[in-house]
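The structure under discussion appears below in the form of structure tokens.
The values are calculated or read from the model by the stated rules, or taken from the named source; none is laboratory data. All figures in this text were calculated on a predicted structure; none of them were measured in a lab. Positions of Cβ are backbone-derived with ideal geometry, glycine not excepted, and every protein chain shown enters the neighbour counts.
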Amino acid sequence: MNIENKLLKLSSLEGLVLKLNQDGKQVFAPVKKDNIVNFAPVSAFHEMTQDYIVTARSAKFVVFPRVETILEMQFSKDNITLKDKDLSSIPDAVLLGTRPCDAAGFKVLTSIFEGDYIDNIYVTRLKKTTIISISCNNYDAKCFCTSVNVHPGGTAGSDILLTRIDNDNFLAEIVTEKGKEIVNKFDTLFDIAPDVNKDSLVANVPVEFDLSAILGKIYPRFESDIWVEQSLRCIGCGTCAYVCPTCGCFDIQDVSDGHNGQRKRSWDSCGFDLFTLHSSGHNPRNTQSKRWRQRILHKFVYVPEQDNILGCVGCGRCSRACSVDMNLKEHLINLIGELTK
Amino acid sequence: MDSIRKRARELLEKNTVKVVIGYGVGSDNTVRAIFVRRPEGVEELIFDETCVQNLAVYLLKNEIKQIGKLCIIANISALRTILQLASEHQIHEEELLCLSVTPNGELLEFTGFKDIENYISSCNRDLPDKESEMIKKLEKMSVDERWQFWMNHLSRCIKCYACRSACPMCYCTRCQVEYNQPQWITVEATLMGNFEWQITRTMHLAGRCVNCGECARACPEDIPINLLNYKTVLTVKEKYNISAGTNANIDSVMSSFESDDKENFIR
Amino acid sequence: MSDFQPKIVAFVCTWCTYAGADLAGTSRIKYEPNVKIIRFPCTGRIDYMFLIKAFANGADGVIVSGCHPNDCHYVSGNFHARRRWIVFRELVDFLGMDVNRLCFSWVSAAEGAQWAKIVNSFTEEIRQLGPYKAYMELVKKDKNESVF
Amino acid sequence: MNEQNIYMPYLMRIETVRDEAPFVKTFRLKFINEEILNRFTFKTGQFGEYSAIGEGESTFCIASSPTLKGYIECTFRQTGKVTNALAMKGEDDVIGFRGPYGNFFPIHEWKNKNLLFIAGGIALPPLRSVIWNCLDLRNDYKDVTIIYGAKTVDELIYKHELKTWDERSDVKLVTTVDPGNETPEWKGKIGFVPTVLDEVAPSSENTVAIVCGPPIMIKYTFPVLEKLGFTSENIFTTLENRMKCGFGKCGRCNVGKVFVCKDGPVFTYKQLKELPQEY
């Protein structure tokens, strides 16, 4: 559908949050707690913070929770019953205040969870989630979205994109049918769009490296020493994968007490030794450098080749969360240097 | 700083060591670990009060051990870790060389664990003030308030195990949580699992923690898990008068005993 | 006295407390039936995870009991255990668990009456404290559908 | 059964349990649901996710031939939580199964060729499926040679089937055990599989080699095969990596660009040569 422009006043946005809540939707927005900004349920607009570049954790948990029951089981004396997940129990949700990079991240997750085998739990969650993003008017040193073809005012992945015009007004771009539904339902809150130049309203994030210097060129360097070099200071925790908006790798575990049980899907990280360990004790990715290589190649080679979409959206969360300063942007620039040597 | 660079250069030029683990400038003016393998690389080394990371965590990392003999630029936490690791027979004197700088800028070179012990005995090993106060504050709370405090914090835990990875004393090749027969602690990051994981982590570090605070620094969710370790540090100190990381030839606190250990709760 | 019947799990060593509990039985000493006894070779074998898991599975109180100091069948198991308990008790107290629900005791094979006394008094204490709601809340949260 | 949830296993009843070797068992499984029982098909080489419900899932190949209808078989060694739980199950117990997943051996392309099967230890099950599949279509193929080795005599699996193959005149079977582990009654060869292969020296003319075994065996077998004149596109193998989902989502079984679960598990040596060593 064609993108339709509207005007949303700040006061109307406040009203929208209330109305969405009244409408039975769970509204998630960035909330500042103990000096960290993360998505949390809000019942009123004032609970949301405006002071953030991106949240510490990504918004992926709304569609891909960190622990999710994928089926339930019941055991009786000589019978086992499996109970499918009740997809209708998944609540309607609204994500307010995601950044264009977060929204673009959902596209990557979708490419993983759809495909030959469609993961209906993910698909239903996404379908029931309306994403109202807010364009970035600021950025920090860890951001590199423009270098990976994501724009701080980009509409990809969002249902509605808000761009701040001034203190009291937002430009609302209605991107999808789902966004349109919200507008139709609460049409009194939206006004006719003014004529503004959106590009002048969003942050001008500099392009820091040439993506084409990486794409299609790192796979031949699979055995390069650069992976060892880069990952020497990596301590092998799973933080980068857990805060990443596009990391979709998961683990499946059964939890049972002998009468009832659940099969649960939870986040997993390629940074862990256990991720690929065989039961024989053999491990195809037995060192941290191999696991680091897997992470980079997955985002910049495997996902692009399989799904025709780049696996990184340049939000820089991994670099912010890393306790040993594994800065992804820096490593990519360093990688380009190595490739062009 | 110059003295460190000079000495590191000498060590690398003479091939006494193969790699110097030290601090360098990271992205956005932060400090991070660097691994210097060529003499000209020593210019990147820095050392000041912002160099807080406990670099001893790298001493047991395979890919670094493989490079050859190590030299580590150690702050007090790292020195204490080295002593504790030595007492647990994880590192040997001939495998590494330690450099450090005193608060007034004097270069120290330790030739053996005895040297480190002597230096450490004159250093301040107390818990940081902020954390000590926090522990006191928590102790004054009611049981319910404390429970609420920890539940609030632990509900954020995403089980990334950064606390485990960042801890230089968590060197097990296979962690208790990675065993699944029985599965003591759930793989998923659920609240009870998070709670049990922190109990496990703290108990396994009881009497071994050198209070470097690396666990809390690594936590992406800013959960003050170091307080748990610090609490056991205080308990061990009070009950058994032992501080970890002061002696390279000491039995582990939790696997030794005195026949007259004092307690007042056993009926 | 309330009607609440607490669930109490006792982790005991086979050489002293288990024999002591046995003696209480053969001596026909009556004591509260709320205790479920789990026998271990030695108190040194009693891992702190057992205590946590007992609470996770619905215990309202936990007793840990073994040989008196210097009486351990394996010479030093109870000394090791004591060290562990001292640290563990301080830690869980700091985490906000109710340490009044943890009872540690030394009961020898000859102390059948002492065992009955400990069980009776501890059961009464737990009865006063009521069910361990805080921990049950935690367990319930664990079973929740999805965790965001 | 709800078709929508891709993680939902089918329930299967264990018809028979057979002990193959110490800690190795074979289950014969039958779908409880009649409709699925009738509808279910698979191709040789494909695998499934078997679940000890309440304990977790584990990945094994389907060890029976697709020509046998009405049931499937799986063979596994007890190594961890799930396989131990499975081994506790007996006849009439219920387990879960998802599948079939992955690609398969192109047995139709092998028509009128000689077949050489080489397996080591617990890696015979995937080949057993192919062997029986080909033997059931015996007229389509020329000579069939099977070289199978294990550490000890005891650890050779499918002993009764080895006997059947040995007795058949249209199959040449060579069994071997590691040096030092032979028993006084042992009639087969003694030596590691690659060495025995070198000794037997089957002709590479119009022949396809199908290899499966532990990584170390595979590593030393490929050069011997090449020495014998096999071209890399005529050498097939089946890989295994840790898996959770079975359909390319959980992200752990990839070898470089390819997912073992989706693009594999069957690969030719030619394909493997182009892949990095991540298996």
### Query
Could you say whether any residue in the stretch B:102-111 is part of a helix (DSSP H, G or I) and in contact (Cβ under 8 Å) with a residue 60 or more places away in the chain?
no
Pairs returned, first residue in the stretch D:237-260 that is in contact (Cβ under 8 Å) with a residue 60 or more places away in the chain, second residue that is among the aliphatic types (A, V, I, L, M), beta-carbon separation under 6 angstrom, 6 or more apart or interchain, are D:Thr238/D:Val266; D:Lys244/A:Ile252; D:Val260/D:Leu239
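Inside the stretch B:59-83, can you point out the residues that are in contact with a Pro (Cβ under 8 Å, 6 or more places away or on another chain) and either within 13 Å of chain A (Cβ to nearest Cβ) or within 19 Å of B:Gly105 (Cα to Cα) (or both)?
Result: B:Leu59, B:Leu60, B:Ala78.
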In the stretch D:140-197, anything of a type in the set (Asp, Glu), touching a strand residue (DSSP E or B) at 6+ places or on another chain (Cβ under 9 Å) and surrounded by 15 or more Cβ atoms within 10 Å (Cβ to Cβ) is listed as D:Asp143, D:Glu155, D:Asp166, D:Asp178, D:Glu182
Among residues of the stretch A:205-226 being more than 14 Å from chain D (Cβ to nearest Cβ) and of a type in the set (Asp, Glu), the residue surrounded by the most Cβ atoms within 10 Å (Cβ to Cβ) is A:Glu208
When every residue in the stretch D:77-102 that is surrounded by 14 or more Cβ atoms within 10 Å (Cβ to Cβ) and more than 12 Å from every other protein chain (Cβ to nearest Cβ) is compared, the one farthest from B:Glu178 (Cα to Cα) is D:Pro100
Those residues of the stretch B:190-217 that are more than 7 Å from every other protein chain (Cβ to nearest Cβ), part of a loop (DSSP other than H, G, I, E, B) and among the aliphatic types (A, V, I, L, M) come to a total of 1
Taking the stretch B:218-239 and keeping residues in contact with a helix residue (DSSP H, G or I) (Cβ under 7 Å, 6 or more places away or on another chain) and either under 14 Å from A:Cys237 (Cβ atoms) or outside any helix (DSSP H, G or I) (or both) leaves B:Ala218, B:Cys219, B:Pro220, B:Ile223, B:Pro224, B:Ile225
Filtering the stretch B:27-51 for residues that are closer than 20 Å to A:Ala141 by Cα and more than 21 Å from the chain's Cα centre (by Cα) leaves a count of 3
Given (1) more than 10 Å from every other protein chain (Cβ to nearest Cβ); (2) of a type in the set (Ser, Thr, Tyr); (3) touching a Phe, Trp or Tyr at 6+ places or on another chain (Cβ under 9 Å), B:Ser259 misses just (1)
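Would you check if A:Ile296 is more than 9 Å from every other protein chain (Cβ to nearest Cβ), touching a helix residue (DSSP H, G or I) at 6+ places or on another chain (Cβ under 7 Å) and modelled with pLDDT of 90 or more?
No; evaluated as a whole, the condition is false for this residue.
Sort out which residues of the stretch B:239-250 are in contact (Cβ under 8 Å) with a residue 40 or more places away in the chain and either surrounded by 13 or more Cβ atoms within 10 Å (Cβ to Cβ) or at the interface with another protein chain (Cβ under 8 Å from one of its Cβ atoms) (or both), and write them in order of number.
Passing the criteria: B:Ser243, B:Ala244, B:Gly245, B:Thr246, B:Asn247, B:Ala248, B:Ile250.
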Residue hits (the stretch B:13-70; in a loop (DSSP other than H, G, I, E, B) and without any contact (Cβ under 8 Å) to a residue 40 or more places away in the chain) are B:Lys14, B:Asn15, B:Gly26, B:Thr30, B:Arg37, B:Arg38, B:Glu49, B:Thr50, B:Cys51, B:Lys61, B:Gln66
Considering the stretch A:316-341, residues that are over 15 Å from A:Trp227 (Cβ atoms), within 14 Å of chain B (Cβ to nearest Cβ) and in a loop (DSSP other than H, G, I, E, B), and then whichever is nearest to the chain's Cα centre (by Cα), we arrive at A:Gly316
Screening B:Ile91, B:Ile158 for residues that are under 30 Å from A:Phe275 (Cβ atoms), assigned by TED's automatic domain parsing to the domain that holds B:Arg208, in a loop (DSSP other than H, G, I, E, B) and aliphatic (A, V, I, L, M) leaves only B:Ile158
Taking the stretch D:182-218 and the residues there that are part of a strand (DSSP E or B) and under 17 Å from D:Ser232 (Cβ atoms), the one that is nearest to the other protein chains (Cβ to nearest Cβ) would be D:Cys212
When (1) among the charged types (D, E, K, R); (2) surrounded by 21 or more Cβ atoms within 10 Å (Cβ to Cβ); (3) in contact (Cβ under 8 Å) with a residue 24 or more places away in the chain are applied to C:Arg83, the one that fails is (3)
The condition of being over 21 Å from the mean Cα position of the chain (by Cα) and free of Cβ contacts under 8 Å to residues at least 40 places away in the same chain holds, among D:Glu233, D:Glu199, D:Glu205, only for D:Glu199
Subset of the stretch D:114-151, residues within 26 Å of D:Asn241 (Cα to Cα) and among the polar types (S, T, N, Q), comes to D:Ser129, D:Asn133
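This table checks each residue for (1) in contact with a helix residue (DSSP H, G or I) (Cβ under 6 Å, 6 or more places away or on another chain); (2) free of Cβ contacts under 8 Å to residues at least 12 places away in the same chain; (3) within 29 Å of A:Glu305 (Cα to Cα).
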{"residue": "A:Lys83", "(1), (2), (3)": "no, no, no"}
{"residue": "A:Leu96", "(1), (2), (3)": "no, no, no"}
{"residue": "A:Ile121", "(1), (2), (3)": "no, no, yes"}
{"residue": "A:Thr124", "(1), (2), (3)": "yes, no, yes"}
{"residue": "A:His151", "(1), (2), (3)": "no, no, yes"}
{"residue": "A:Thr155", "(1), (2), (3)": "no, no, yes"}
{"residue": "A:Asp166", "(1), (2), (3)": "no, yes, no"}
{"residue": "A:Phe170", "(1), (2), (3)": "no, no, no"}
{"residue": "A:Glu173", "(1), (2), (3)": "no, no, no"}
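Each row is one residue, and each column tells you yes or no for (1) out of contact with any strand residue (DSSP E or B) (no Cβ under 7 Å at 6 or more places or on another chain); (2) surrounded by 12 or more Cβ atoms within 10 Å (Cβ to Cβ).
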| site | (1), (2) |
| --- | --- |
| B:Ser87 | yes, yes |
| B:Ile91 | yes, yes |
| B:Glu106 | yes, no |
| B:Tyr119 | no, yes |
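Here's the yes/no breakdown for (1) at the interface with chain D (Cβ under 7 Å from one of its Cβ atoms); (2) at pLDDT 90 or above; (3) in contact with a Gly (Cβ under 8 Å, 6 or more places away or on another chain):
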site: A:Val228; (1), (2), (3): no, yes, no
site: A:Ala241; (1), (2), (3): no, yes, yes
site: A:Phe250; (1), (2), (3): yes, yes, yes
site: A:Asp257; (1), (2), (3): no, no, no
site: A:Ser269; (1), (2), (3): no, yes, yes
Scanning the stretch C:116-135 residue by residue, those crowded, with 21+ Cβ neighbours inside 10 Å and more than 20 Å from C:Ala54 (Cα to Cα) turn out to be C:Ala116
Listed by range, strands (runs of 3 or more DSSP E) wholly within the stretch A:185-282 having at least 1 residues that are in contact (Cβ under 8 Å) with a residue 24 or more places away in the chain and under 27 Å from the mean Cα position of the chain (by Cα) are A:250-256, A:260-267
